[in-house]
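> Would you mind keeping the following structure in view while I ask a few things?
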Amino acid sequence: MTPLVSIGGIHLVNSSGTPSAGGVATAAATTPFSIRHGYTIGSAEPQPLWSGGPPFRHGNSLIGQSYANIEERIPIAVLGSTHENAVARLQELKRALATTLYSTPPILVVQPTASSTAMYSEVCSARVQETTQEEFEAWEGSADLEAEIVWTRAPFFGLLGAGETLLSATTFNNTGTGGTDNIAPLTTGAGDMIYEGGPLNIKFLPTTAASDPETIYLASIASRVYQAFAGTTTSNSTSFISIGAPGAMVGTALLTGAGLKARLLARFSAMSANAEILVTIGNQRTRGVIPGISSATLVDFGPLPIPSLYLASVTTTDPIDPVMYVRSTDGNAVNVTCAYVELLLYYDFCKIRTVTGGISVADTFYLYLDSFVTKTSYPALPRPRTRAWVYFSTGDVMQYPCELRGTAPRYFSGASLYAAWLNASESHTTTWAATITATHAPLYKTLRGSG
Amino acid sequence: MPIPLSISIFERGANGVPTTDFVTDLAERADSYTHTITDQFGFESMQLSLTVTLDEAIEWLMNGLMRSVVVSSPDAETVWEGYLSTISAQIGQKAATLSLDRMANRVRCVYTTTTGTPSVTTPISDTASQFLYGVKDRIVSLNATDATAAGYRAAIVLADSAFPRSREATRAMTGQQGDVQLSLSFTGWYGALEWLVTGNSTTSTAVTTTQVGTLIAAYTAINAFLSSSTVHITASGISSPQKIEGRTTYREAIEDRLKLGNGSDPLAWGVYEDRQFRVDPWAGVAPIAITYQEFLGDANIYDAGGGLVLPWNVRPNAISQVDDLLDVGPPGGAPDAAARKYVGRVTCSISGDSVGVTLEPSELDSVETRLSILG
């Protein structure tokens with residue numbers, strides 16, 4: 001057996017082990033191409049972002065990292081029946097490598113010998129240069145030519161198809177408690193990027209009649225702590241007054257979770273438009289939030305202002321102990337009653353504004369977060385940025401682009417998906433339900449194996 | 001590294017009013033990003049540069065001015081908001097720039113008659129421009145003339161300035177042609193307060209911050225760019241005459257009142273999230289209350305509790321201290337000392353290989369800062 005290597009449909013390795021002189025390049029059994037020694041599949045070089053360093057301290061801290069495209073050089077040979085035949089095969093290869101700006105990028109397929117799995121990448125830009133062969137130049141007319149492909153390809157390999165399903169029409173209820181609530185664990189994903197964040201496509205289909213979500217919160221979380229809390233006030237004070245503390249909440253994942261952040265959300269069963277609410281953690285406080293409505297709602301207080309607990313030497317078990325404060329913005333009495341708070345220890349958090357009026361449940365619209373490509377016979381590779389769209393279920397017809405703020409949830413090993421949503425009035429109802437399907441695109445830096 | 005922010009662009013609505021009609025997120029295309037926020041403006045300026053196709057450059061030049069932007073952090077917090085005021089496209093050797101800066105679509109002429117009597121023409125408008133961008137005033141002047149001539153002058157200026165103009169020369173030269181680069185310059189919504197003029201003959205006094213709320217309401221009645229909410233306007237506690245000289249810009253009128261501070265200390269103000277006007281106590285009042293901590297061996301900014309503050313979340317009207325520098329006994333009321341300073345302006349810059357923030361004092365020393373404010 002031989003490995004399978006093809007680019008843009010042109011096979012570079014003959015399955016018999018010997019190139020077929022004058023053969024057809026689009027089939028592995030008849031291709032006249034071969035790969036010379038010296039081609040190694042490149043691993044995408046990480047582009048680190050360093051912070052701090054000498055002369056003020058030893059070492060630098062890694063605070064960010066991503067991957068750039070890879071340039072690779074592939075020495076090849078082509079065995080034509082005649083010189084013209086060999087040149088024609090090279091032209092066929094050149095054309096196959098030039099489709100990026102015309103249609104779709106040429107797809108690189110690699111399947112090692114005796115492996116049952118292939119991996120796929122896309123070539124962004126390439127050129128083919130004939131080279132000297134045993135002191136003979138290509139223009140001298142031989143039917144046996146050598147050349148070098150120089151291509152720039154995407155940093156990762158992926159798989160064909162729609163990715164692996166981590167959640168399949170899983171029911172979410174719009175509440176932080178109960179047998180079916182607003183989180184679901186993502187099943188185990190594959191690939192090399194499970195600790196760095198793999199792309200997730202998410203389909204959010206609201207199912208409760210007339211719930212029509214306009215604002216949707218989605219997050220990939222390590223954990224969610226739910227705490228019932230009935231803090232309430234009808235004060236008219238324009239200075240902040242405490243309505244109590246929900247109770248200390250566990251945040252120990254922050255001790256060893258370099259990529260984790262803490263965020264607080266609170267559901268209020270009663271709210272008035274003239275209320276401003278904030279939360280303090282020790283001597284730090286969140287920004288004040290003015291929901292501006294007079295009905296039950298969910299308030300996002302944003303990332304918590306707590307020091308980094310990462311690798312802290314001395315810690316307590318329940319380090320996050322918030323106190324909630326309320327004031328009146330106009331001197332009139334407020335009517336604020338909290339129902340519960342949720343502490344999210346999250347990797348990624350986003351807020352999506354769908355369309356004015358919300359996603360129509362009656363019209364069977366759904367929200368789709370598109371992070372990787374899922375076209376037939378095309379590798380599942382990440383898009384430059386996650387796009388959010390509203391679709392009409394019948395025929396999956398694209399309707400509107402949506403604003404996505406924050407970071408779309410990615411797959412991390414052991415993570416769960418969190419969802420919460422509000423309607424066009426920014427009201428929150430705990431009996432609303434939705435189904436969510438999440439698919440993950442495994443990505444590979446070099447060889448895939450069976451994983 | 002990619003720009004780690006969401007840069008959401010929304011269509012302009014009728015009369016330039018910002019809408020929620022989402023156009024695109026430019027973060028995936030941006031090559032570099034810079035924003036500034038100041039303590040007496042709020043969200044001040046933002047520049048994006050991106051490499052685009054020719055068709056995209058043309059689309060932005062045709063339709064882009066007055067589109068609004070909301071920049072969000074990776075944690076979905078608002079980082080910056082404003083409107084697109086200048087578009088510059090470098091297409092090979094050819095440059096095309098359109099800007100709202102010198103546009104004016106409502107003009108009046110202040111003149112003196114031949115006998116020295118001051119007067120002013122009735123404002124004349126280009127309604128087509130106003131429907132696209134909102135109302136933007138300009139006042140021109142003539143001496144020793146009459147109403148008819150003053151009217152001519154206003155009409156000429158209106159014809160010349162009613163729509164955005166190009167400010168670039170094109171070249172035709174040998175040499176490298178270059179690619180297609182787009183530079184988008186956004187202005188914070190506070191800048192739109194210079195667009196309209198106002199006046200008030202009332203001589204009685206009123207609380208200065210109450211007057212500011214009234215001015216904002218009056219402004220939004222013409223250009224509905226800002227929120228009329230006053231929940232974030234901290235009362236100054238002092239009063240001043242309500243009289244405003246005719247043809248004073250709203251910005252000047254507001255600043256004339258806010259620069260009185262609370263009678264003993266300055267105030268900080270600006271337009272921030274959700275296009276709401278804020279007036280806050282000056283952080284320099286209590287300089288020992290440190291907002292941000294900096295360290296010599298660390299490129300990060302931290303809050304007073306030691307929590308990491310990402311560069312795009314740093315705000316002005318704050319006290320920043322370099323903790324490694326121990327200065328002994330600075331005067332209690334001095335906002336700036338050897339190791340600490342009042343932060344009047346912040347600049348966040350993100351490019352392919354670096355992310356950083358500059359914290360500037362309220363006294364402007366850098367040429368860059370002065371030039372950027374002059375626009």
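Quick note: the coordinates plus some simple rules give every number you see, no bench work behind them. Being a predicted model, the structure only gives us computed values, none of them experimental. Neighbour counts are summed over all protein chains in view; Cβ atoms, including those assigned to glycine, are modelled from backbone coordinates with ideal geometry.
> So how many Lys-Lys pairs in chain A land under 23 Å Cα to Cα, not counting same-chain pairs under 8 apart?
Lysine pair count for chain A: 4.
> Also, quick follow-up: For region B:200-270, how big is the tail of P(r) above 20 Å, as a whole percent of Cα pairs?
Looking at region B:200-270, the distances longer than 20 Å represent 24 percent of pairs.
> Taking region A:150-235 on its own, what percent of its Cα-Cα pair distances exceed 22 Å? Let's see the in-between values first.
Details: 1788 of 3655 pairs.
Of all Cα-Cα pairs in region A:150-235, 49 percent lie more than 22 Å apart.
> Next up: In region A:72-225, what is the volume of the convex hull around the alpha carbon atoms, normalised per residue and reported in Å³? Before the final figure, lay out each step's value.
Details: hull volume 29.2 nm³, N = 154.
Dividing the Cα hull volume of region A:72-225 by its residues yields 190 Å³.
> For chain A, which span is the longest to avoid every loop-located (per DSSP) member of chymotrypsin sites (Phe, Trp or Tyr not before Pro) having at most 13 other Cβ atoms inside 10 Å? Can you show the working numbers first?
Working: sites that count: A:Phe56, A:Tyr102, A:Tyr195, A:Tyr310.
After excluding every exposed loop site, the longest remaining stretch is A:311-451.
> With each pseudo-label sitting 7 Å past Cα toward Cβ, what's the B:Glu194-A:Ala362 distance in nm, one decimal?
In this crude label model, B:Glu194 to A:Ala362 measures out at 4.9 nm.
> Indicate the gyration tensor shape class of region A:314-451 (rounded, prolate or oblate), computed on the Cα atoms with a ≥ b ≥ c the square roots of the eigenvalues: a/c under 1.5 is rounded; otherwise a/b larger than b/c is prolate and the rest oblate.
Oblate shape, in that a/c is at least 1.5 and b/c is the bigger or equal ratio.
> Cut-off under 18 Å on the C-alpha distance; same-chain residues fewer than 8 positions from B:Lys94 excluded. Which aspartates and glutamates are left, in chain and number order?
B:Asp55, B:Glu56, B:Glu59, B:Glu168, B:Asp179
> Label chain B by shape, choosing from rounded, prolate and oblate, from the square roots a ≥ b ≥ c of the eigenvalues of the Cα gyration tensor; if a/c is under 1.5 it is rounded, and otherwise prolate applies when a/b is larger than b/c, oblate when it is not.
oblate
> May I pose another question? For region A:68-122 and region B:111-137, write down the distance between their C-alpha centroids in whole Å.
67
> Once R0 is set to 35 Å, what does the formula 1/(1 + (r/R0)^6) return for the Cβ-Cβ distance between B:Thr51 and A:Leu311, expressed as a FRET efficiency to the nearest 0.05?
E(calc), rounded to 0.05, equals 0.30.
> Related question: Assign one of three labels to region B:1-72, namely rounded, prolate or oblate, based on the Cα gyration tensor with a ≥ b ≥ c the square roots of its eigenvalues; rounded applies when a/c is under 1.5, prolate when it is not and a/b is larger than b/c, and oblate otherwise.
Oblate shape, in that a/c is at least 1.5 and b/c is the bigger or equal ratio.
> Give the span of the protein assembly as shown's Cα atoms along each principal axis, as three whole-Å numbers ordered largest to smallest.
In descending order, the Cα extents are 99, 73, 65 Å.
> Across 10 Å bins from the origin, how do the percents of Cα pairs in region B:88-237 run, short distances first?
P(r) for region B:88-237, in whole percents per bin: 10, 26, 27, 22, 11, 4, 0.
> Nearest 10 degrees is fine. How inclined is helix A:83-96 to the longest principal axis of chain A, computing both from alpha carbons?
The answer is roughly 10 degrees.
> Between B:Asp31 and A:Ala169, what is the label-to-label distance in nm when each label sits 7 Å out along the Cα-to-Cβ direction?
4.9
> Give me the inter-chain shielding for B:302-308: mean count of other chain Cβ atoms within 10 Å, whole number please.
Average neighbour count from other chains, rounded to a whole number: 6.
> Moving on. Take the Cα radius of gyration of region A:356-397 and divide it by 2.2 N^0.38 Å, with N its residue count; two decimals is plenty.
Relative to the 2.2 N^0.38 Å estimate, region A:356-397 comes out at 1.37.
> Something else about it: Projected onto the charge dipole of chain A (+1 at Lys/Arg Cβ, -1 at Asp/Glu Cβ, origin at the Cα centre), which of A:Leu367, A:Ser211, A:Asn85 gives the Cα projection farthest towards the positive end?
After comparing all options, I get A:Ser211.
> Treating each Cα of region A:57-112 as an identical point scatterer and ignoring solvent, apply the Debye formula and state log10 I(q)/I(0) at q = 0.22 Å⁻¹.
After summing over all Cα pairs, the log10 values are -1.08.
> How long is the gain from A:Glu137 to A:Ile63 if the chain were fully straight, where each residue apart is worth 0.36 nm and the alpha carbon distance is subtracted?
21.6 nm
> Okay, next question. For chain A, what is the largest minus smallest coordinate of the Cα atoms on each principal axis, given in angstrom and ordered from greatest to least?
The Cα atoms of chain A stretch 93, 61, 36 Å along the principal axes, largest first.
> Please name which of B:Leu182, B:Thr145, B:Phe163 has its Cα lying farthest along the dipole of region B:72-197 towards the positive end, using unit charges on Cβ (Lys, Arg +1; Asp, Glu -1) and the Cα centre as origin.
Value: B:Thr145.
> If Lys and Arg each add +1 and Asp and Glu each add -1, what is the summed charge of the other residues whose beta carbon sits under 12 Å from the beta carbon of A:Ser34?
0
> Same structure again: Given Cβ point charges of +1 (Lys, Arg) and -1 (Asp, Glu) and nothing else, what value in debye, to the nearest 20, does the dipole of chain B about its Cα centre take?
I would put it at about 1620 debye.
> If you take the alpha carbon radius of gyration of region A:219-327 and divide it by 2.2 N^0.38 Å, what ratio comes out, to two decimals?
Working it through for region A:219-327, the quotient is 1.12.
> If I model a spin label at B:Thr114 and A:Arg36 as a point 7 Å from the Cα along the Cα→Cβ vector, what separation in nanometres do I get?
9.4
> Determine, from the Cβ-Cβ distance of A:Thr337 and B:Asp146 and an R0 of 56 Å, the FRET efficiency 1/(1 + (r/R0)^6), rounded to the nearest 0.05. Before the final figure, lay out each step's value.
Values: r = 69 Å, r/R0 = 1.23.
The value I calculate is 0.20.
> Above 20 angstrom, tally the Cα pairs of region B:208-358 and express them as a % of all pairs, no decimals. Numbers along the way, then the final one.
Details: 6585 of 11325 pairs.
Summing the P(r) tail past 20 Å for region B:208-358 gives 58 percent.
> Can I ask one more? Based only on the alpha carbon positions, what is the Kirkwood hydrodynamic radius of region A:386-451, in angstrom?
15.7
> What do you get for trypsin sites (Lys or Arg not before Pro) in region A:22-99 restricted to DSSP loop and a cutoff of at most 16 other Cβ within 10 Å of the site's Cβ?
A:Arg36, A:Arg57
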